[in-house]
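Everything below concerns the one structure shown next.
The values are calculated or read from the model by the stated rules, or taken from the named source; none is laboratory data. Predicted model, so just to flag it, every value in this text is computed and none were measured. Note that each Cβ is placed from the backbone with ideal geometry, even for glycine, and that neighbours are counted across all protein chains shown.
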Amino acid sequence: MGLVTNGLSIISSNMAGSALFTKVGIGTSGLTFASGQTTLGSETDRNIITDVDLTTNEQVTFVANFSPVEISGTTLREFGTFTSGNGMGDRQVLNGSLVFDGEQELQIQTTYKFSISGV
Amino acid sequence: MVIYTKLLVANNEILDAKDITLNLNQNEYNTTSNFTISLDNVAGRHAGEFSINDEIEVYADTTDPATTKIFNGIIDDIKYKGSKQTETLTILGREYGSVLMDVIAGPRIFKDTEVSEIVSAVMSQNISLITTNNVNTTTTTVDKITFSNMSVYDALRQLAEISGFYFYVDTDKDLHFERKETISSGQTIDNDNSKRAEFITTDSDQYTKVTVRGKRQLTTAQSIQTTGTDNTGSVYVLDAKPSNVGVTYSGATNTLLQPGGVINLNDPATENVKFLVDFQGRSVTLTSGTTAGDNTLTNGSVVIIDYQRSTPIISIKQTPSSFPKHRVVTDLNIQDIDEASLKATTILNENKDPKTNGRVEVKGLLDITAGETVIVNLPNHNQINQTYALTRITYEFSTGGNQSENVITINLNRKISDFEDIMKDQILRLRSLESAEADASITSIELGNAETEVEVSTIATTRGIGSGFYFNIPGHDIFNSPSSLLGDMRAGSQVFIDGEEV
């Protein structure tokens, strides 16, 4: 028995349809990524996901936007995707940083792409 | 010719092994291959050197250094013995195939399946350490077979017996499931290369009639009898010994008669029992008594008796013989006549003839594998060009033995049951009894081995804000011009893809 490609599409569309992930959080910690992490290193803000893109098969993209006002003064080094129950699904650490001084807005896109291996 | 050996323990070569004994078995011996290695441990020189589950590899050749691997396995026991200058260390263990004996096969029922497919399915469901590249297709399709509470080894042994195959695990950790006596070693055992031989032919394990009893099955039956015509008095005789009896008066509206009782146990004079069941006598008696009242029927009245009869699952297979020997096997896991028949046939075929077992100490013959066949030509033992399978090869490597080629003892053809076999049989029967009450309809979900990979990628984009735009400035007031724009005049964005700025 094995998973078929259509199964991947079902998984990805259900990730979106069930609103599994609802928010994107940002933070200032450059703490190295580890798979056991459950929170950002130093979270400063969290915004709702405003767009879910399913146009490509077997993948789903979550989009969240941050306005210049709310991220002003932030030195962004990390962000992650969260469920409504505060469960973190992924964490990205920047190789560098983004400094926001009130003159920039921020958009974060996180894409989950599913594939089959070991068949 | 001198025999050279090399011993590796956990990839370290051990040069001072005194004796290395290897028993390479195919399944006739009811066990996997094993080893015993003795070392001098003078003043504790090997103390703490070996650990349980260390891998051992044994090489043997007639050239130095030995490069042919004849055994690999893992250490199960470490024994220290002696004192000071006479200390010895013995390590014992089994080949990798021993995992077949250590893992209990997940409960599973196979129907209408070819045996090698069952072997592969059992292996893939239970064991990942051993590959199945040499599981050969059989010509046997099993109607129905149940594995419950038995080791993978015992399941494979059962399948091997059904199909006339044998199995072993090679030094590459690959399972061989091959037809008996089809692979020749190309060797002949005769007076030139044998040092000592022993052959026994016996009928001690021979059976001419095999009865396999499975679990009894309850089936529903109904008896409709007219009082006075089909019975006498208030007693109604049935066709089979009844269980779960229900009695109904037949009429325009049927009337269920209850409660019932058991004959000689319940008394209608003092208890409210409307009918009594006589299991051994295959009958139901309508009662009449002080407490129970009169429940008998007048002649011509019809009574409907619903009950369940217990049908035995029995298969008997026999072969004509002037000296009959019988064997009865009870296996409560068997609930199907096909399965009982298969088991009876297999046992009979395996045991209908007298068994000949040979044991020969041979010189040379390093390059043989358990399961292969040899030709035996030892006229003094009444063995003239007989083809026998090698069921066990025992290597006893020692300094003196290696020098004189006094290393190998082979066992041939059939193993005659000994105490170990009887105990193994008892253990299997006990396990069978223990698991008999498990649901016969076993659902086993085979999990797929495909993995789903999830790849997460991210893009973080910043862009400066601004409300300015070009308008009514020469060169910047043309719509859709690649060089002269009308619109957003903000500076470029900053983009991080997967954490890296691009």
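Applying the criterion of at least 3 residues that are of a type in the set (A, V, I, L, M, F, W, C) and under 37 Å from the mean Cα position of the chain (by Cα) to the strands (runs of 3 or more DSSP E) found wholly in segment B:190-260 leaves B:194-202.
For segment A:32-47, the set of residues classified as at pLDDT below 90 and either aliphatic (A, V, I, L, M) or under 13 Å from the mean Cα position of the chain (by Cα) (or both) consists of A:ALA34 only. Each residue in segment B:214-228 was checked for being of a type outside the set (A, V, I, L, M) and at pLDDT below 90, and 5 pass.
Can you find a residue that is aromatic (Phe, Trp, Tyr) and out of contact with any helix residue (DSSP H, G or I) (no Cβ under 9 Å at 6 or more places or on another chain) anywhere in segment A:73-87? Yes, the conditions are met somewhere in segment A:73-87.
If I filter segment A:36-56 for residues that are facing another protein chain (nearest Cβ under 10 Å), surrounded by 16 or more Cβ atoms within 10 Å (Cβ to Cβ) and farther than 15 Å from B:ALA460 by Cβ, do I get at least one hit? Within segment A:36-56 (the criterion being facing another protein chain (nearest Cβ under 10 Å), surrounded by 16 or more Cβ atoms within 10 Å (Cβ to Cβ) and farther than 15 Å from B:ALA460 by Cβ), the answer is no, since none of the residues qualifies. Looking across A:SER115, A:SER97, one residue alone is over 14 Å from the mean Cα position of the chain (by Cα), closer than 15 Å to B:THR461 by Cα and either touching a residue at least 60 places away in the same chain (Cβ under 8 Å) or facing chain B (nearest Cβ under 7 Å) (or both). It is A:SER97. Hey, among B:THR369, B:THR298, B:THR345, B:THR356, which residue is in a strand (DSSP E or B) and of a type outside the set (Lys, Arg)? Result of the check over B:THR369, B:THR298, B:THR345, B:THR356: B:THR356. Across segment A:70-89, what is the number of residues that are within 10 Å of chain B (Cβ to nearest Cβ) and either farther than 30 Å from A:ILE10 by Cβ or of a type in the set (Gly, Ala, Ser) (or both)? Of the residues in segment A:70-89, 6 are within 10 Å of chain B (Cβ to nearest Cβ) and either farther than 30 Å from A:ILE10 by Cβ or of a type in the set (Gly, Ala, Ser) (or both). Could you say which residue among A:LEU3, A:LEU20 is more than 10 Å from every other protein chain (Cβ to nearest Cβ), in contact with a strand residue (DSSP E or B) (Cβ under 8 Å, 6 or more places away or on another chain) and at pLDDT below 85? On inspection, the qualifying residue turns out to be A:LEU20. Quick check, is A:GLU103 within 13 Å of chain B (Cβ to nearest Cβ), surrounded by fewer than 17 Cβ atoms within 10 Å (Cβ to Cβ) and of a type in the set (D, E, K, R)? The answer is yes for A:GLU103.
Go through (1) surrounded by 20 or more Cβ atoms within 10 Å (Cβ to Cβ); (2) closer than 12 Å to A:PHE21 by Cα; (3) facing chain B (nearest Cβ under 7 Å) and name the single condition A:GLN92 misses. With (1) surrounded by 20 or more Cβ atoms within 10 Å (Cβ to Cβ); (2) closer than 12 Å to A:PHE21 by Cα; (3) facing chain B (nearest Cβ under 7 Å) applied to A:GLN92, the lone miss is (2).
Of the strands (runs of 3 or more DSSP E) that lie entirely inside segment B:4-53, those containing 3 or more residues that are free of Cβ contacts under 8 Å to residues at least 60 places away in the same chain and surrounded by 15 or more Cβ atoms within 10 Å (Cβ to Cβ) span B:34-40.
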